[in-house]
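Have a look at the structure below, then the notes.
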Amino acid sequence: MHTVYFKGNPCHTYGTLPAPGEKAHCYHLVNSDLVDFKCTDYAGKRVVLNIFPSLDTAVCAASVRRFNAEAAGLKNTVVICVSMDLPFAGKRFCTAEGIENLVVASAFRSPLFGQKYGVQLVDGPLAGLLSRAVVVLDENRNVLYSQLVEEITNEPDYKGALSVLKG
């Protein structure tokens, strides 16, 4: 369990974010076309898991735009933007924004995702949603970088996440 903040108010997560050097849990998510996918579908690729509460907030939307612009074009890399939003919201957002270079995914069918990755908020006004975090995995699902953003309303450390992909 970690303490994060929403507008300065403490909230808690279930579980622990995987740390660099650890093997990340396999994930099962749903893409914007309502198709289930899992970690093995991206075996052999580096994966950026951009995790956040909802596309319907300015900070979450900004993180999707930024990773689309800066990470999605990197060699052998896929960016997966994960929230509890329904897949319809992800599709609507990407269509409106012209975003085509990443995967927008929902954990609505996979509540264990939030628990296994230590990002499920268990209290506070966003309880039941995912906290803001970034996890970068290598081709074998080993964690290269992870950040649980302390203040949910802040953007993640893009430079830190991108540096392990470019370095």
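FYI, it's all coordinate maths here, none of it is from the lab. The structure displayed is predicted, hence computed values, not measured ones. So basically every Cβ, Gly included, is an ideal-geometry build from the backbone, and we count neighbours across all protein chains shown.
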>> Helix-only estimate, please: 222 nm mean residue ellipticity of the chain, summing -39500 (n - 2.57) across DSSP H runs of length 4 or more and dividing by its residues, to the nearest 500.
In response: -7000 deg cm²/dmol
> How large is ³J(HN,Hα), in whole Hz, for each residue of region 49-64 in order, when computed from phi with the Karplus curve 6.51 cos²θ - 1.76 cosθ + 1.60 and θ = phi - 60°, using x for Gly and Pro?
Replying inline: 9, 9, 10, 7, x, 6, 4, 7, 10, 4, 5, 5, 4, 5, 5, 5
> If you find the alpha carbon centre of region 74-100 and of region 1-40, how far apart are they in angstrom?
Replying inline: 16 Å
> Just for the Cα atoms in region 10-70, what are the lengths along the principal axes, largest first, rounded to whole Å?
Replying inline: 32, 32, 25
> Lys pairs in the chain, Cα-Cα under 17 Å, at least 8 apart or on separate chains: how many?
Replying inline: 7
> trypsin sites (Lys or Arg not before Pro), restricted to region 12-96: which are DSSP loop and have at most 10 other Cβ atoms within 10 Å?
Replying inline: Lys75
> Given 37 °C and 0.692 mPa s, how large is the Stokes-Einstein diffusion coefficient of region 126-167 in µm²/s, with Rh as the Kirkwood radius over Cα pairs?
Replying inline: 290 µm²/s
> What is the magnitude of the charge dipole of region 32-160 about its Cα centre, with +1 placed on the Cβ of each Lys and Arg, -1 on the Cβ of each Asp and Glu, and no other charges, expressed in debye to the nearest 20?
Replying inline: 280 debye
>> Show me the three semi-axes of the equivalent ellipsoid for the chain, from the C-alpha gyration tensor (sqrt of 5 times each eigenvalue), largest first, rounded to whole Å.
In response: 21, 18, 16
> What do you get for Rg/Rh of region 74-136 when both radii come from the Cα atoms and Rh is the Kirkwood radius?
Replying inline: 1.00
> Among 98-105, 14-21, what's the highest-first ranking by average C-beta atoms within 10 angstrom per residue?
Replying inline: 98-105, 14-21
> Which number do you get for Rg(Cα) / (2.2 N^0.38 Å) in region 44-94?
Replying inline: 1.12
> In the chain, which Cys residues have no partner Cys with a Cβ closer than 4.7 Å?
Replying inline: Cys11, Cys60, Cys81, Cys94
> Rounded to the nearest 0.05, what FRET efficiency is calculated for Asn101 and Tyr5 with R0 set to 22 Å and r the Cβ-Cβ distance?
Replying inline: 0.10
